[in-house]
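Trainee: What follows is a single structure, and I will ask about it in a moment.
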Amino acid sequence: LQEGLTKVTTKVKGYSKEANGMRGVTSGLRRSIGALRNNLLLISFTLGAVIAGVKRFVDASAGFEAVKTRLVGLTGSVNNAARAFDKFNAIAGKTPFSLDDVVNAGAQLKAFGADAEALIQPISNLAAFMGTTATEAANAFGRAFAGGSGAADILRERGILNIIKSSQGLTDLSKTTLPEFRKALIETLQ
């Protein structure tokens with residue numbers, strides 16, 4: 001019996017030793033699997049960020065292409081549209097407004113029949129003065145340009161009509177013709 005008990009004890013000790021050895025092996029395996037999982041998560045987050053960045057770039061490019069297409073329709077040719085886009089891009093580089101905002105402002109000016117290339121810098125200055133985007137300033141200018149002082153509600157609210165009157169020596173804007181008002185508006189902005 002003693003001999004059988006000794007054999008069992010020896011076997012149990014051997015089993016215990018093997019179990020402890022397996023525990024060491026499996027904890028290393030658990031660490032390896034955990035590190036692999038962490039690396040896979042890091043790669044997936046990085047890949048997600050890269051994909052989001054590419055999507056923003058593609059969306060911006062698509063937006064610029066849509067504006068370029070609009071400019072082609074407004075200017076009458078691809079060359080004129082490219083020249084206008086380059087001018088808007090140069091202005092965006094020198095102002096706090098985004099390229100998208102400046103390009104849209106230029107497209108709005110063209111849509112109202114104004115010389116966008118000549119007026120985009122004064123419009124960006126107007127936007128800074130008014131505390132708005134270049135597109136909003138171009139819309140306010142465009143309504144005034146198309147409809148005269150009576151249609152210049154936003155410019156009136158911001159005090160721009162008073163600046164036009166005083167800088168151009170006009171006493172009553174309601175008595176000016178549309179061409180006279182346009183000239184005074186543009187000269188004031190420039």
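The values are calculated or read from the model by the stated rules, or taken from the named source; none is laboratory data. This is a predicted model, so every value here is computed, not measured. Here the Cβ is made from the backbone with ideal geometry for all residues, glycine too, and neighbour counts use every protein chain on show. The area values use the complete protein model at the heavy-atom level, side chains included, leaving out ligands, DNA and RNA. Shrake-Rupley method; radii C 1.70, N 1.55, O 1.52, S 1.80 Å.
Trainee: Take T75 and decide whether it is open to solvent by 70 Å² or more (accessible area, probe 1.4 Å) and modelled with pLDDT under 80. Please lay out each step first, then the result.
Mentor: Numbers: open to solvent by 70 Å² or more (accessible area, probe 1.4 Å): no; modelled with pLDDT under 80: yes.
Judged against the criteria, T75 is not a match.
Trainee: Here's another thing I want to ask about it. Please verify whether the range 27-48 includes one or more residues that are within 30 Å of E136 (Cβ to Cβ), part of a helix (DSSP H, G or I) and at pLDDT 75 or above. Walk me through it before giving the result.
Mentor: If we filter the range 27-48 for residues that are within 30 Å of E136 (Cβ to Cβ), which is where we start, we get none.
Scanning the range 27-48 turns up no residue that is within 30 Å of E136 (Cβ to Cβ), part of a helix (DSSP H, G or I) and at pLDDT 75 or above.
Trainee: Taking N125 as the residue in question, decide whether it is open to solvent by 30 Å² or more (accessible area, probe 1.4 Å), under 30 Å from P179 (Cβ atoms) and touching a residue at least 60 places away in the same chain (Cβ under 8 Å). Explain how you work it out, then say what you get.
Mentor: Working: open to solvent by 30 Å² or more (accessible area, probe 1.4 Å): yes; under 30 Å from P179 (Cβ atoms): yes; touching a residue at least 60 places away in the same chain (Cβ under 8 Å): yes.
Taking the combined requirement at face value, the residue satisfies it.
Trainee: Just name the residue that is surrounded by the fewest Cβ atoms within 10 Å (Cβ to Cβ) out of those in the range 163-177 that are in contact with a helix residue (DSSP H, G or I) (Cβ under 8 Å, 6 or more places away or on another chain) and part of a helix (DSSP H, G or I).
Mentor: Filtering first and then ranking leaves S174.
Trainee: Got a number for residues in the range 99-118 being open to solvent by less than 40 Å² (accessible area, probe 1.4 Å) and either hydroxyl-bearing (S, T, Y) or over 15 Å from F85 (Cβ atoms) (or both)?
Mentor: Adding up the residues that qualify gives 1.
Trainee: If we keep just the residues of the range 141-162 that are in a helix (DSSP H, G or I) and touching a Phe, Trp or Tyr at 6+ places or on another chain (Cβ under 7 Å), which is least open to solvent (accessible area, probe 1.4 Å)?
Mentor: First, the residues of the range 141-162 that are in a helix (DSSP H, G or I): 141-147, 149-151, 153-157, 160-162.
Add one more test, that the residue is touching a Phe, Trp or Tyr at 6+ places or on another chain (Cβ under 7 Å), and what stays is 142, 145-146, 149.
Details: G142: 0, F145: 19, A146: 52, S149: 19 Å².
In this case the residue turns out to be G142.
Trainee: Right, here's the next one. Just one of (1) open to solvent by 60 Å² or more (accessible area, probe 1.4 Å); (2) modelled with pLDDT of 80 or more trips up D59, so point out which.
Mentor: Among (1) open to solvent by 60 Å² or more (accessible area, probe 1.4 Å); (2) modelled with pLDDT of 80 or more, the lone unmet condition for D59 is (2).
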